[in-house]
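Below is one structure, written out as structure tokens, with a few remarks after it.
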Amino acid sequence: MTLADKLIKEHTLTKEEYIELLNHWGDPELKEKLRMEANRLRRQYYGDGIFVRGLIEFTNICKNNCYYCGIRRENANVKRYRLTKEEILECCDYGYELGFRTFVLQGGEDGYYTDEKVVDLVSTIKKKYPDCAVTLSIGEKTYESYKAYREVGADRYLLRHETACEAHYNMLHPDNMKLSTRLQCLRNLKTLGYQTGAGFMVGSPNQTMSTIADDLVFLQELKPEMVGIGPFIPHHDTCFANEPAGSVDFTLFLLSVIRIMLPKVLLPATTALGTMDEHGREKGILHGANVIMPNLSPLKNRKQYELYDNKICTGEEAADSIKSLEKRVATVGCHIVYGRGDYAG
Ligand code: SAH
């Protein structure tokens, strides 16, 4: 049995087997075989429906200094902003009208947004829109904080692990950030019953087939309900300004592998994929992705949430263009599903 067949049959491989598989990712037959299977599994569990999430980037103020990220603390060239509660609720109102039933609140680790404020925000949104899911993506917090958000109705939480290899993690982050903390946060989120999202950038500096194999083995063990992966894209004001961007094709290959490994996973075709390739998100769908996350942030702030260079922010990726997004999704034989879009438990 080939490794591809084994992955398809057993949904799991060892680290060494993943390395072997990844080393052959350029083989057109292998790529196509995994893509077909990933597409088949997506259809089996989710049909032709693609879930949409309204992404609200509500603060670009961050106490962390991740070496790859454009909104890192030490980047003095970003114009910082923070949306008020009223502005966030306006984004939700607008999104609700457009048909969105999941709101993703993403931001830097901004101390202004205390637990009390997050709790107030989540409970206000859940009361106003009881038929909507709320996803948080606001970084590392204590078990008690995650519990407090969960108790007022937060449904999902996105916290990419970034890399499951400790040595690699330390090359992407300053000393005060630890892989062990990140992983503990993910376990806490699972324990609290969140639909939990992990993930990593493809082609981040110093990434190797071995570190990606670590990521895949980690995902296999954690069994997150969501996995976010997208190509690394350099930002001009970071330590990695001159590093090459990650490969779109390799990202697509990994989307297929992840769909096969975790058949029911909620798998977005990410903004980074759409930034690198005009048809990146449609290609993502054809490789097993089943979620897209259009931007609902106010137009005046969108450019300021610049995680990487040239992040798409005024075109068809945005929620305003939901009609053109519908057309794009139709070109790959799918349709947008307006609904909470929960994990197919
Ligand atoms: N502060 C939150 C949200 C982070 S931004 C948190 O800690 O989870 C969301 C994701 O964007 C990050 O997890 C990272 O994987 C991705 N990202 C950041 N900089 C990037 C870059 N230069 N290229 C591609 N993706 C990037």
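The values are calculated or read from the model by the stated rules, or taken from the named source; none is laboratory data. The shown structure was predicted, so the numbers you read here are calculated from the model rather than taken from an experiment. Please note: Cβ atoms are built from the backbone with ideal geometry, for glycine as well, and neighbour counts cover all protein chains shown. For the accessible areas, the whole protein counts, side chains as well, though only heavy atoms, and no ligand, DNA or RNA atoms are used. Shrake-Rupley method; radii C 1.70, N 1.55, O 1.52, S 1.80 Å.
Quick look at the values:
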read-out	value
Scan of the stretch 38-65 for residues that are in a loop (DSSP other than H, G, I, E, B), over 14 Å from residue 110 (Cα atoms) and either among the basic types (Lys, Arg) or within 12 Å of the ligand (Cβ to nearest atom) (or both), ordered by number	53
Of all residues making up the stretch 153-188, the number that are aliphatic (A, V, I, L, M), surrounded by fewer than 22 Cβ atoms within 10 Å (Cβ to Cβ) and over 30 Å from residue 116 (Cβ atoms)	2
Where a residue in the stretch 64-75 is more than 14 Å from residue 170 (Cα to Cα) and its partner, wherever it lies, is within 9 Å of the ligand (Cβ to nearest atom) and open to solvent by 30 Å² or more (accessible area, probe 1.4 Å), with Cβ under 7 Å and at least six apart	69/307; 70/307; 71/307
Selection from the stretch 275-285 of residues that are open to solvent by 10 Å² or more (accessible area, probe 1.4 Å) and either under 18 Å from residue 324 (Cα atoms) or β-branched (Val, Ile, Thr) (or both)	275, 277, 278, 279, 281, 282, 283
Candidates 13, 21, filtered to the one that is over 30 Å from residue 140 (Cα atoms), of a type in the set (A, V, I, L, M) and open to solvent by less than 30 Å² (accessible area, probe 1.4 Å)	21
Tabulated pairs, the stretch 35-51, first open to solvent by 80 Å² or more (accessible area, probe 1.4 Å), second of a type in the set (Gly, Ala, Ser), C-beta under 6 angstrom, 6+ apart or interchain	45/344
Selection status of residue 295, under 30 Å from residue 130 (Cβ atoms) and either crowded, with 23+ Cβ neighbours inside 10 Å or in contact with a helix residue (DSSP H, G or I) (Cβ under 8 Å, 6 or more places away or on another chain) (or both)	yes
Those residues of the stretch 82-117 which are in a helix (DSSP H, G or I) and closer than 25 Å to residue 292 by Cβ, in sequence order	87, 88, 89, 90, 91, 92, 93, 94, 95, 96, 97, 98
Elements of type helices (runs of 4 or more DSSP H) in the stretch 268-308, at least 1 residues being more than 19 Å from residue 31 (Cβ to Cβ) and out of contact with any Phe, Trp or Tyr (no Cβ under 9 Å at 6 or more places or on another chain)	271-276, 299-302
Filter result (among the aliphatic types (A, V, I, L, M), closer than 20 Å to residue 265 by Cβ and either open to solvent by 30 Å² or more (accessible area, probe 1.4 Å) or in contact with a strand residue (DSSP E or B) (Cβ under 7 Å, 6 or more places away or on another chain) (or both)) within the stretch 193-219	198, 201, 202, 217, 219
Selection count where residues are open to solvent by 10 Å² or more (accessible area, probe 1.4 Å) and closer than 14 Å to residue 197 by Cβ, scope the stretch 252-272	4
Any hit, the stretch 117-125, residues being farther than 18 Å from residue 89 by Cβ and in contact (Cβ under 8 Å) with a residue 24 or more places away in the chain	no
Top-ranked residue of the stretch 66-87 - restricted to ones that are of a type outside the set (S, T, N, Q) and away from the ligand (no atom under 16 Å from the Cβ), ranked as least open to solvent (accessible area, probe 1.4 Å)	87
Checklist (1) within 17 Å of residue 54 (Cα to Cα); (2) in contact with a Lys or Arg (Cβ under 9 Å, 6 or more places away or on another chain) applied to residue 138, failing item	(2)
Wholly enclosed helices (runs of 4 or more DSSP H) of the stretch 154-241 bearing at least 2 residues more than 12 Å from the ligand (Cβ to nearest atom) and under 30 Å from residue 101 (Cα atoms)	179-191, 209-222
Where a residue in the stretch 325-345 is more than 16 Å from residue 278 (Cα to Cα) and its partner, wherever it lies, is open to solvent by 40 Å² or more (accessible area, probe 1.4 Å) and basic (Lys, Arg), with Cβ under 8 Å and at least six apart	338/101; 339/101; 340/101; 341/101; 343/264; 344/264; 345/264
